[in-house]
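Visitor: Take a look at the following structure, please.
The values are calculated or read from the model by the stated rules, or taken from the named source; none is laboratory data. As the structure is a computational prediction, the values presented were derived from the model and not from experiment. Every residue, glycine among them, receives a Cβ derived from its backbone with ideal geometry; neighbour counts consider all protein chains shown. SASA here: full protein model, heavy atoms, side chains in, ligands and nucleic acids out. Shrake-Rupley method; radii C 1.70, N 1.55, O 1.52, S 1.80 Å.
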Amino acid sequence: MSDGVGSDVIRIGVLASGTGTNLQALLDAGLPIVVVVVDRPCAATGLAEAAGVAAETVERTSFGADFDRLAYTHQVVDALERHDVDLVAMAGFGTILEKPIHDHFGGRIVNTHPALLPAFKGWHAVDDALAAGVKITGVTVHYATLEVDDGPILAQEAVEVRPDDTVETLHERIKVVERRLYPEVLWQLVRREDEAGTPDEEAAT
Ligand code: GRF
């Protein structure tokens with residue numbers, strides 16, 4: 001499956017919603033990203049396009065009680081499938097997805113979380129850490145499972161909380177670590193899969 005994206009085996013789909021600085025770090029690291037899927041208009045789309053990577057918007061039309069999360073999840077899976085994705089990297093994706101994505105990509109979905117899990121799960125991890133008065137928080141790169149922010153941990157790194165920190169200053173220092181750690185971990189997974197894939201490919205020729 002070699003198409004010049006830097007890996008003979010793995011094709012990564014990134015899910016993003018926000019400013020996309022983690023996405024940019026993954027793109028800069030030369031990871032074999034074949035598509036970026038966003039759930040709302042956001043900077044990530046432009047970053048993908050600037051890097052020559054396909055961008056798909058699966059727009060979330062409701063943030064209310066009428067949101068059909070299951071149908072939405074199927075749409076995201078379809079978008080990833082259209083690009084033959086093998087590994088899903090969540091990079092600040094703002095919609096919790098339902099079981100179908102785990103049925104489809106089980107054990108092949110990775111996330112970065114701006115806290116030291118299992119502490120401070122959820123979307124407000126940085127605010128919650130600051131409010132709790134902890135002196136150390138950090139970054140967790142982990143496999144994503146149906147239970148939010150709960151999957152097996154791949155890597156963690158601590159970040160000091162300074163007395164004068166605001167949510168913004170602390171989150172930015174956390175993201176500096178994420179932008180280094182997340183690409184490193186994803187490259188390890190890609191290399192491991194590439195190595196695992198090689199004997200089968202040779203045997204098939
Ligand atoms: C990151 O801190 C990520 O861990 C969290 O959302 C943030 C996304 O930042 N889930 P960006 O959009 O990549 O700048």
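Visitor: Counting only protein chains, not ligands or nucleic acids, how are Trp123, Trp187 ordered by accessible area (probe 1.4 Å), most first? All intermediate terms of the calculation are to be shown ahead of the outcome.
Guide: On the way: Trp123 165, Trp187 50 Å².
Greatest to least solvent exposure: Trp123, Trp187.
Visitor: Select from the stretch 90-183 those GluC sites (Glu not before Pro) which occupy a DSSP coil region and have at most 10 other Cβ atoms within 10 Å, ordered by residue number.
Guide: Numbers: sites: Glu98, Glu147, Glu157, Glu160, Glu168, Glu172, Glu178; in loops: Glu98, Glu147.
Qualifying residues, ordered by number: Glu147.
Visitor: If you don't mind, another one. When the chain is fully extended, how far beyond the present Cα-Cα distance does Glu168 get from Asp68, taking 0.36 nm per residue of separation?
Guide: On the way: separation 100, 0.36 × 100 = 36.00 nm, distance 3.19 nm.
Value of the extension gain: 32.8 nm.
Visitor: Pairs of Cα atoms under 8 Å, at least six residues apart: use those to get the relative contact order of the chain, whole percent.
Guide: Numbers: 368 pairs, mean separation 39.5, N = 205.
Reported relative contact order: 19 percent.
Visitor: Evaluate the distance, in nm, between pseudo-label points positioned 7 Å from the Cα of Glu59 and of Glu160 along their respective Cα→Cβ axes.
Guide: That separation, rounded to one decimal, is 4.6 nm.
Visitor: Sort the stretch 73-205 into rounded, prolate or oblate with this rule: let a ≥ b ≥ c be the square roots of the eigenvalues of the Cα gyration tensor; rounded if a/c is under 1.5, and if a/c is not under 1.5, prolate when a/b is larger than b/c, oblate otherwise.
Guide: Details: a/c = 2.81, a/b = 1.79, b/c = 1.57.
Because a/c hits 1.5 or more and a/b exceeds b/c, the stretch 73-205 counts as prolate.
Visitor: Extending each Cα 7 Å along its Cβ direction at Asp103 and Asp127, get the distance between those two points in nm, one decimal.
Guide: Label at Asp103, label at Asp127, 3.4 nm between them.
Visitor: Another question about this same structure. Using only Cα atoms, find the angle between the long axis of helix 69-82 and the longest principal axis of the chain, and express it within 0 to 90 degrees, rounded to the nearest 10.
Guide: 40
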